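A short worksheet on the structure shown next.
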Amino acid sequence: MSRLGEDHGTTLTPGSLPPLVLPAIALGCGIAAGDTFPEISFLVWGSSLVLGVGAISIIKEPLGILPAALFFVLGHGLISLLIQPDLPHDHVAGLCNRGRVWVEGRIASVPEQHGQRVRFDLAVERAGQTREERFASRGKVRLSIYYCSRDLRFGDPIGCQTVLKPIRNFNNPGGFDYTRYMGLRKIHCSGWAKAAHLVCLPRTNDPEMSVVLVNRVYNYRSRFASYIRKTVKNQDAAAVLTALVTGDRSAISRELKTVFARSGAGHILAISGLHLSIVAFVAFQGFIRLFSLWPPLLIPGYSRKLAAVLTLVPLVLYALLSGFSASTRRALMMIVVVMVSHVMEKEADTLNSLAAAFIVILLVEPGALFSVSFQLSFVAVLFIVGGMSLARGRGNGKTPRPSLLHKVGMFAMISACAILGTQPLVMHYFNQVSFAGILTNFVLIPGAGFMAVPLGLFALVFYPVSVPLSGFLLTVAGWILGPCIWLLRWVSSISLFWARTVTPDLCEICCYYLVFAGGFIMVKGCKKTGGAVMVAALVILGASEAVWIKQRFFNRALSVFVLDVGQGSAALIEMPQGRRVLVDGGGFSRSSNFDPGEHLVAPFLRRRKILTLDAVILTHPESDHMNGFIYIMENFKVGRFIKNGDQGSSASYKALMAVVAKRGVRVDTVPDLDRLDFGGTSLEFLYPLVSPGAGRETTEALNNNSIVFKLIHGKTGILFPGDLLAQGEQSLVIARGERLASTILIAPHHGSSSSSSDFFLDQVAPKSVIISCGWRNRYGFPHASVVKRYRKRGCNLFRTDRSGAVRILCTASGCRILTLKGE
């Protein structure tokens with residue numbers, strides 16, 4: 001089998017592809033189909049087998065079709081077992097939502113420290129309502145232990161009292177499917193406990209060799225990472241060097257990650273083919289030099305074969321040391337194929353090697369297909385392979401000694417191919433594009449990749465033998481990385497070198513790749529087919545963008561999305577002619593590691609292709625409405641910031657107002673602002689009536705000073721009362737009276753019994769009520785008495801904790817309320 005594109009006189013056909021390419025494509029398609037349509041598993045299995053048997057009888061050369069059909073069936077079956085598991089009766093998930101329970105088993109992942117908590121996966125062996133009532137059980141639990149000072153390790157037997165809950169999503173359009181993400185890892189419930197409720201159980205037998213090996217590797221990794229940070233004075237360089245050598249990126253600050261991303265160098269932080277290739281090259285050459293001292297191995301030519309086999313040992317150890325991520329596994333598989341080709345004395349086909357790695361990884365871990373690093377790795381390599389194939393196709397068949405200019409050109413071409421290939425995925429997952437990637441790669445890959453990484457790896461080898469030598473190598477590596485990081489900071493500080501982007505949808509991404517695929521096919525000889533593919537992709541892309549432009553700027557309908565942000569509040573108002581207003585940003589307390597603004601609200605806005613907001617409204621400065629706004633104000637263009645007169649003293653409020661001032665956003669205060677008009681849609685600000693006085697820092701005072709406004713579109717009125725309590729409701733009704741009457745009410749204070757008084761509801765008289773609250777929240781919102789009050793008035797009731805995000809759609813024909821779950 002010749003390399004793709006090496007035979008310049010042939011056109012590209014399925015028969016000219018390496019033998020593993022079609023099965024790899026079929027396996028990936030089967031996994032994607034099984035994830036999208038898991039309910040038709042039997043139909044897919046049956047029809048695929050029929051097609052495979054039919055291919056044998058009617059096709060002269062069926063061997064290329066039958067394996068593809070079988071791999072498709074295999075992929076569909078493997079993923080179906082993961083996303084639709086038939087959990088046994090003794091699975092630990094049966095104890096979810098049953099209060100405090102007892103679970104015990106063995107730690108099944110390396111514990112990770114996150115602030116005040118330690119998180120790990122527990123392979124459950126016994127469980128029950130109490131320790132005395134425990135029974136044999138199975139399954140995995142994602143456990144978080146707070147304030148834990150014990151040295152927990154992989155494989156340790158432990159038990160604890162915990163509250164188990166099923167893995168649950170925040171249900172917003174296009175949101176991250178956390179339930180599926182954890183299900184692919186065979187984890188269906190999570191729990192938390194304080195260290196006082198944790199019991200370290202005695203071992204019943206000696207630990208397995210794999211457990212001992214993993215703990216030793218990770219302990220060594222941890223010690224060496226600490227030594228790097230102690231030795232290298234520049235802590236940014238130390239953090240980057242730790243990531244490059246051990247794969248531990250925990251010490252890299254959020255700001256430094258942003259610098260790498262904006263400068264197009266984020267890929268260097270992930271252990272991948274670059275790092276493993278250096279290890280393989282050094283190990284292979286070292287073994288060759290060693291075996292050259294033993295003449296008996298040189299005569300039969302065994303030295304290269306034995307060196308190739310032995311090279312796998314440091315490769316596997318380094319892959320384990322670096323965390324064995326998807327990009328590491330892909331690179332390891334690729335290098336293993338090359339090493340095997342040396343042993344078998346066969347020429348390695350890059351595309352076939354890539355397909356082999358693709359198949360092996362997905363057979364072992366079908367869910368890896370949906371991993372960001374897996375997708376980026378394979379697409380980058382695929383585009384590089386295609387680019388190299390086209391470069392060879394333009395040659396004259398001769399292979400002269402490459403000049404320096406030729407090497408620089410090839411380096412630039414490889415960087416450009418990788419960037420072009422991964423750009424849609426980078427935009428989809430990270431909402432950012434860098435225009436300086438080729439420039440920074442010219443400096444960073446030679447400096448960090450071919451100088452700092454080898455020095456760091458040699459330091460890793462010499463660390464147990466000679467600490468001073470290891471320290472010297474690390475110091476030199478730090479000196480090299482310092483100027484590289486300075487350059488990246490300079491590049492990221494120039495806004496022309498990077499830009500924030502919206503989230504491209506699946507149609508746009510597919511059209512992008514089809515355009516390149518069509519161009520590649522044309523160059524390879526099939527001009528009509530390639531041209532047809534390109535034209536079809538461009539037509540579909542143009543039609544898709546035309547539909548979006550019409551819906552965004554020429555749509556006369558009003559849409560309001562009340563998002564599922566847990567125990568908080570956030571709503572997006574989409575008005576005709578593309579005007580957008582965000583009401584509150586959700587949020588948890590400052591001690592929480594989860595930011596709803598970054599992980600829930602911002603992804604929703606970007607999927608709606610929104611980077612600019614005409615206004616944001618903070619109803620009152622409490623964390624569940626305010627904290628998510630910090631990220632929004634930092635990363636979106638905002639026309640005006642509307643707030644009440646409260647001057648919060650919390651750290652979150654100060655951080656928010658600092659960002660508002662830094663971005664130069666106009667600030668309007670209610671009651672000074674009483675109305676905003678956007679064409680046929682208006683916002684009437686009804687409350688507070690006066691600016692607050694000093695000393696209003698209590699929760700009750702902040703809630704009672706919430707901004708209340710009415711959104712008016714045609715004959716439809718939607719009332720947003722914030723967290724107004726009964727006292728504030730009374731003041732509002734007395735002052736505004738009949739102006740409160742609305743078709744739809746966003747329930748005040750998440751359905752608390754301290755709000756939604758009869759006096760208030762009688763004046764508003766809503767037909768429908770939407771309650772924004774967290775699933776099984778600790779406050780018990782919405783309270784049963786409030787729900788009964790709404791039902792008594794015949795209101796249609798919608799809850800974000802049960803129905804997910806709620807959409808209000810107002811058109812000329814009327815108003816509809818839709819939920820993410822189809823209500």
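The values are calculated or read from the model by the stated rules, or taken from the named source; none is laboratory data. Source: prediction; values computed, not measured. Note: ideal-geometry Cβ built from the backbone for every residue, glycine included; neighbour counts use all protein chains shown. Heavy atoms of the whole protein, side chains included, go into the accessibility calculation; ligands, DNA and RNA do not. Shrake-Rupley method; radii C 1.70, N 1.55, O 1.52, S 1.80 Å.
Numerical summary
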item: Above-threshold pairs, the threshold being 27 Å between Cα atoms, out of 186/257; 788/821; 637/710; result: 186/257
item: Peptides ranked, highest mean first, by Cβ atoms within 10 Å: ranges 807-818, 597-608; result: 597-608, 807-818
item: Rounded to the nearest 10 Å², the accessible area of residue 734 at probe 1.4 Å; result: 120
item: In degrees, nearest ten, helix 235-246 long axis to first principal axis of the chain (Cα); result: 60
item: Selected from 244, 227, 209, residue furthest toward positive end of dipole (segment 198-245; charges at beta carbon); result: 227
item: For the chain, calculated [θ]222 nm from helices alone, where every DSSP H run of n ≥ 4 adds -39500 (n - 2.57); result: -15000 deg cm²/dmol
item: Hydrodynamic radius (Kirkwood) for segment 701-790, which is based on Cα pairs only, to one decimal in Å; result: 13.0
item: Nearby aspartates and glutamates by direct alpha-carbon distance to residue 715 (threshold 18 angstrom, same-chain neighbours under 8 apart not counted); result: 574, 677, 684, 738
item: For P(r) over Cα pairs in 10 Å bins from 0, in percent, calculated from these coordinates, the label among (i) 2, 10, 18, 22, 21, 15, 8, 3, 1, 0, 0; (ii) 2, 10, 16, 18, 16, 14, 11, 8, 4, 1, 0, 0; (iii) 2, 10, 13, 12, 12, 11, 9, 7, 6, 5, 4, 3, 3, 2, 1, 0, 0; result: (i)
item: Per residue accessible area in Å² of the chain, where ligands, DNA and RNA are left out and the probe is 1.4 Å; result: 48
item: Accessible-area order (highest first, 1.4 angstrom probe) of the listed residues 294, 490, 479, 498; result: 479, 294, 490, 498
item: Potential extension, residue 529-residue 547 segment - 0.36 nm per residue separation minus Cα distance; result: 3.8 nm
item: Residue 730/residue 129 FRET efficiency (R0 41 Å; Cβ-Cβ; nearest 0.05); result: 0.30
item: Interchain or long-range residues, amide H under 5 Å from residue 125's placed H; result: 104, 105, 106
item: Extent along principal axes [Cα atoms of segment 217-293; Å; largest to smallest]; result: 50, 29, 22
item: Bridge type composition, the chain - antiparallel percent by DSSP, nearest 5; result: 70
item: Table column - 3J(HN,Hα) (Hz), segment 529-535, Karplus curve with 6.51, -1.76, 1.60, x for Gly and Pro; result: 5, x, x, 5, 5, 5, 5
item: Where labels lie 7 Å past Cα in the beta-carbon direction, separation of residue 363 and residue 412 in nm; result: 4.3
item: Carbon/sulfur fraction of accessible area - the chain, other protein chains in place, 1.4 Å, %; result: 62
item: q = 0.10, 0.23 Å⁻¹, segment 72-181: log10 I(q)/I(0) [Debye, one scatterer per Cα]; result: -0.35, -1.31
item: Cα-based Rg and Dmax for segment 754-823, where Dmax is the largest Cα-Cα distance (Å); result: 13.0, 41
item: Spin-label model distance (nm) - residue 791 vs residue 150, 7 Å beyond Cα toward Cβ; result: 4.5
item: Three-way shape label, segment 488-575, alpha-carbon gyration tensor, a/c 1.5; result: oblate
item: Label point distance in nm, residue 767-residue 230, each placed 7 Å from Cα along Cα→Cβ; result: 7.1
item: Extended-chain gain in nm, criterion 0.36 nm per residue less alpha-carbon gap, residue 208 and residue 486; result: 95.5 nm
item: Per-residue ³J(HN,Hα) for segment 482-489, Karplus 6.51 cos²θ - 1.76 cosθ + 1.60, θ = phi - 60°, Hz, x for Gly and Pro; result: x, x, 4, 5, 4, 4, 5, 5
